[in-house]
Structures are given as C-alpha cells and as structure tokens.
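The values are calculated or read from the model by the stated rules, or taken from the named source; none is laboratory data. In this text, all values refer to a predicted model and were calculated from it rather than measured experimentally. Positions of Cβ are backbone-derived with ideal geometry, glycine not excepted, and every protein chain shown enters the neighbour counts.
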Amino acid sequence: MKTIILLTLSNIFMTFAWYGHLKTLSGRPIMVAILASWGIAFFEYTLMVPANRYGYGQFTLPQLKVMQEIITMVIFAIFVYTYMKQELKLDFLWAGLCLVGAAYFMFRGGVAVR
C-alpha cells in the first residue's frame, strides 16, 4: 500500500510539473516555467524513488511501470477536469480500459520469455 500511496503523490507533483505551467505561467518567459517545473519535479522524485524501492520487492519492474501508468492516467483525468477545466472525452475512457488490460496481463502471472 505504501508504494501505491507514494506513486499517487508523486504523480500529483509530476502532473503539475509537466502541465500546471500551461495555466498559471502561460504569460511568463519559458525559463520561468522550466525552473518552476524543475522545482516541483524535485518533490516528485523524492516520492517516486522511494515508491519504486519499496515496491520492487513486492512487484516486478514491469508491474511497477504499469501501475504507475494507471495512476498517472487517473491523476491526469482529475487534473484535466478539475484544474484545467476541460472536458474529458469518451476516448479517455477507452485509453483507460486499455491500461486495465495491460494491468491484467502484467499481474496474471504468465510465463517469462527468455
């Protein structure tokens, strides 16, 4: 559970670092947006690195990656709708369902290919 919480918090920071400047700093020079994003990304990394360290013993690396992508899509959907005030289209749901399929294949315990 610790991994999922840290990944979620990390993705909140990541989403604001990558996209928050589009709303709040659009009239400022690009260098201001870059520096602000780097400052926010610092906190993302202070959460992402421990999340991966804690999770690596419980999950495989591909499982961690797919879990992170699913969390990213959920956080991004909330961000787009609440912070950016944009509509979510049905295509976002279809993309999310594709990630559910990816999670199924990552966690079903299939045979490793060597």
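Table: residues versus (1) more than 16 Å from the chain's Cα centre (by Cα); (2) crowded, with 16+ Cβ neighbours inside 10 Å; (3) of a type in the set (Gly, Ala, Ser); (4) not in a helix (DSSP H, G or I).
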| residue | (1), (2), (3), (4) |
| --- | --- |
| 6 | no, yes, no, no |
| 10 | no, yes, yes, no |
| 17 | no, yes, yes, no |
| 23 | yes, no, no, no |
| 33 | yes, yes, yes, no |
| 36 | yes, yes, yes, no |
| 39 | yes, no, yes, no |
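Going residue by residue through segment 28-46, is there one that turns out to be free of Cβ contacts under 8 Å to residues at least 12 places away in the same chain and on the phi > 0 side of the Ramachandran plot?
no
Before we move on, is residue 65 charged (D, E, K, R) and closer than 19 Å to residue 14 by Cβ?
Yes.
Please work out if residue 47 is buried (at least 17 other Cβ atoms within 10 Å of the Cβ), touching a Gly at 6+ places or on another chain (Cβ under 6 Å), in a helix (DSSP H, G or I) and not small (Gly, Ala, Ser).
Considered against the rule, which asks whether it is buried (at least 17 other Cβ atoms within 10 Å of the Cβ), touching a Gly at 6+ places or on another chain (Cβ under 6 Å), in a helix (DSSP H, G or I) and not small (Gly, Ala, Ser), residue 47 comes out as no.
Inspect segment 76-89 for any residue being assigned to a helix (DSSP H, G or I) and out of contact with any helix residue (DSSP H, G or I) (no Cβ under 9 Å at 6 or more places or on another chain) and give the result as yes or no.
Yes.
Can you pull out every residue in segment 81-91 that is hydrophobic (A, V, I, L, M, F, W, C) and either in contact (Cβ under 8 Å) with a residue 12 or more places away in the chain or touching a Leu at 6+ places or on another chain (Cβ under 6 Å) (or both)?
Across segment 81-91, the qualifying residue is only 84.
Report yes if residue 28 is among the charged types (D, E, K, R) and in a helix (DSSP H, G or I), otherwise no.
no
Do you know which of the residues in segment 74-95 that are exposed (fewer than 15 other Cβ atoms within 10 Å of the Cβ) and within 24 Å of residue 3 (Cα to Cα) is modelled with the highest pLDDT?
Here the answer is 78.
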